């Protein structure tokens, strides 16, 4: 079951209680500015065509070794979060979330997410890394690019899930994730494979999984596919219509955009899962309901 609601999460989700909150909320204003003021070159041209790559291996014309070329990126049309926005968000959802809260964010706001979750008495883990190799290039040429986003996770310190299992006995989980990124319905769209992994790791079949910043609907699709009840909110009408059409919730024309990166699933993607068996299943004022993942130093976001 998928329930995608149109509007601000404060208005649309006041009646929701979930087992897991998995969200890719807007990143910091600095990160958004880094996306909007820089051109994109090299590997990103390859990603647009659905082919992987790192550094400057592939140029805009697809020939290895050619000079990198630029291509037009889509601007981020929603405002970034501030630390206050993060606090407001967690204040709203922490009392409504019985289990794990999982937030994909940038390195600037990761401390704010950790602090906001801790303020509600939750056990907060060190941020995990989601690495998308080759996803961004540091165009200033003065140092390393940033291929990672932060994933801040927390659980209740005590208590059990709806089936009586203690959260403190949840089980060993990966220390990070490695999944390539692709262009999707919205800027900063996350790969379906990553969201499948997070849903699998931080919820159980039959759980209610909530994404208040649904964007293109990747998390909702992953949750539904894994047997969860998926509830989301998206405040931009155009994005909501595209996502709803792609999810089969309404009749909507979405053009030729790839759906949630699913067409580009990379079988070589792996998870960093030290100590975890390979047989384990992968899995404020300004609130435009979608995430983006650029670096602040004139790099493009993952997927752009």
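The values are calculated or read from the model by the stated rules, or taken from the named source; none is laboratory data. What you see is a predicted model, and the numbers here were worked out from it, not measured in a lab. Note that we place each Cβ from the backbone using ideal geometry, even for glycine, and neighbour counts take in every protein chain shown.
Can you work out which of the residues in region 74-85 that are out of contact with any helix residue (DSSP H, G or I) (no Cβ under 8 Å at 6 or more places or on another chain) and modelled with pLDDT under 95 is surrounded by the fewest Cβ atoms within 10 Å (Cβ to Cβ)?
Among those that are out of contact with any helix residue (DSSP H, G or I) (no Cβ under 8 Å at 6 or more places or on another chain) and modelled with pLDDT under 95, it is 77.
Which members of region 182-217 meet the condition of being touching a helix residue (DSSP H, G or I) at 6+ places or on another chain (Cβ under 7 Å), at pLDDT 95 or above and either surrounded by fewer than 24 Cβ atoms within 10 Å (Cβ to Cβ) or not in a loop (DSSP other than H, G, I, E, B) (or both)?
Answer for region 182-217, where residues must be touching a helix residue (DSSP H, G or I) at 6+ places or on another chain (Cβ under 7 Å), at pLDDT 95 or above and either surrounded by fewer than 24 Cβ atoms within 10 Å (Cβ to Cβ) or not in a loop (DSSP other than H, G, I, E, B) (or both): 195, 196, 199, 209, 211.
Just one of the numbered conditions (1) under 17 Å from residue 236 (Cα atoms); (2) modelled with pLDDT under 95 is not true of residue 11; which one?
(2)
What strands (runs of 3 or more DSSP E), lying completely within region 86-151, carry at least 1 residues that are modelled with pLDDT of 95 or more and surrounded by fewer than 21 Cβ atoms within 10 Å (Cβ to Cβ)?
122-124, 128-131
Among the residues of region 247-254, are any within 18 Å of residue 102 (Cα to Cα) and either modelled with pLDDT of 95 or more or surrounded by fewer than 20 Cβ atoms within 10 Å (Cβ to Cβ) (or both)?
There is no residue in region 247-254 that is within 18 Å of residue 102 (Cα to Cα) and either modelled with pLDDT of 95 or more or surrounded by fewer than 20 Cβ atoms within 10 Å (Cβ to Cβ) (or both).
Among 58, 43, 69, 17, which is the only one that is surrounded by fewer than 16 Cβ atoms within 10 Å (Cβ to Cβ), modelled with pLDDT under 95 and at negative phi?
Matching residue, one of 58, 43, 69, 17: 69.
Name the residue, out of 116, 110, 145, that is out of contact with any strand residue (DSSP E or B) (no Cβ under 8 Å at 6 or more places or on another chain) and under 19 Å from residue 23 (Cβ atoms).
116
Find all pairs meeting these conditions: Cβ atoms under 9 angstrom apart; at least six residues apart or on different chains; first residue within region 25-41 and part of a helix (DSSP H, G or I); second residue modelled with pLDDT of 65 or more and surrounded by fewer than 16 Cβ atoms within 10 Å (Cβ to Cβ).
Between residues of region 25-41 that are part of a helix (DSSP H, G or I) and residues that are modelled with pLDDT of 65 or more and surrounded by fewer than 16 Cβ atoms within 10 Å (Cβ to Cβ), the close pairs are 29/79; 32/79.
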